[in-house]
């Protein structure tokens, strides 16, 4: 398989991903929820830093002039490719307001950079409809296929900003995978084999930010 296919396989899903897939791509992520003055969600800011192995494959795929770096035009091509292709996965962003999914609009642009042998993507998402911070709002960034692992090194990497959050309580939840498996032994088979995307399990083990307002 051509090296050029590495990015499409992993992020653009031109090939199916098995339900039992373990992570092949690793992202160190930072996430910030920004509240508007009226108490609604203004935007979700993301910074993703990819592991060196995957980053090197992107370099080889998009370095068209062969100078072993990604120039401005090549970085724009990376950002455009990811923007168009991760839309079907909602950019790994899962937001619920009082149990109801909040649809996010496609980002205007995805800024790509390449520093210290790592691909870095920066972008913002906005709700398609005005969504107020009322009741329970849960923010999760994870890949439902389990092919990509998104990690937040510290709780402060899931941040909030804006005066509206002053009236809210927030906590970062980090489920223990071993405990989740132990608690769901009876349904594990159906989770893995009846749901081809592995969605249930990925939701159970994903790190998330819970906000109560």
Problem - Residues being surrounded by 17 or more Cβ atoms within 10 Å (Cβ to Cβ) and farther than 20 Å from residue 26 by Cα - total across region 44-64 - result: 1
Practice task
Search region 13-33 for residues being over 14 Å from the mean Cα position of the chain (by Cα) and closer than 15 Å to residue 51 by Cβ, and hand back the single one that is modelled with the highest pLDDT.
Solution key: 24
Fill in the blank from the handout: Checked region 139-159 for anything touching a strand residue (DSSP E or B) at 6+ places or on another chain (Cβ under 9 Å) and either surrounded by 18 or more Cβ atoms within 10 Å (Cβ to Cβ) or farther than 20 Å from residue 29 by Cβ (or both); matches are 139, 140, 141, 142, 143, 144, 147, 148, 150, 152, 158
Exercise for the section: Name the residue, out of 67, 98, 46, that is more than 24 Å from residue 157 (Cβ to Cβ) and touching a strand residue (DSSP E or B) at 6+ places or on another chain (Cβ under 6 Å). Expected result: 98
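Just give me the residues in region 65-94 being more than 21 Å from residue 31 (Cα to Cα) and surrounded by 13 or more Cβ atoms within 10 Å (Cβ to Cβ), in sequence order. Let's see the steps before the verdict.
The initial filter retains those residues of region 65-94 that are more than 21 Å from residue 31 (Cα to Cα), namely 65-77, 81.
Matches in region 65-94: 70, 71, 74, 75, 76, 77, 81.
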Completion exercise
Checking 143, 63, 113 in turn, the sole residue that is without any contact (Cβ under 8 Å) to a residue 12 or more places away in the chain and either closer than 18 Å to residue 44 by Cα or more than 15 Å from the chain's Cα centre (by Cα) (or both) turns out to be 63
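The values are calculated or read from the model by the stated rules, or taken from the named source; none is laboratory data. Here the structure is a predicted model, which means the values were calculated and not measured. Cβ: placed from backbone, ideal geometry, glycine included. Neighbour counts: every protein chain shown.
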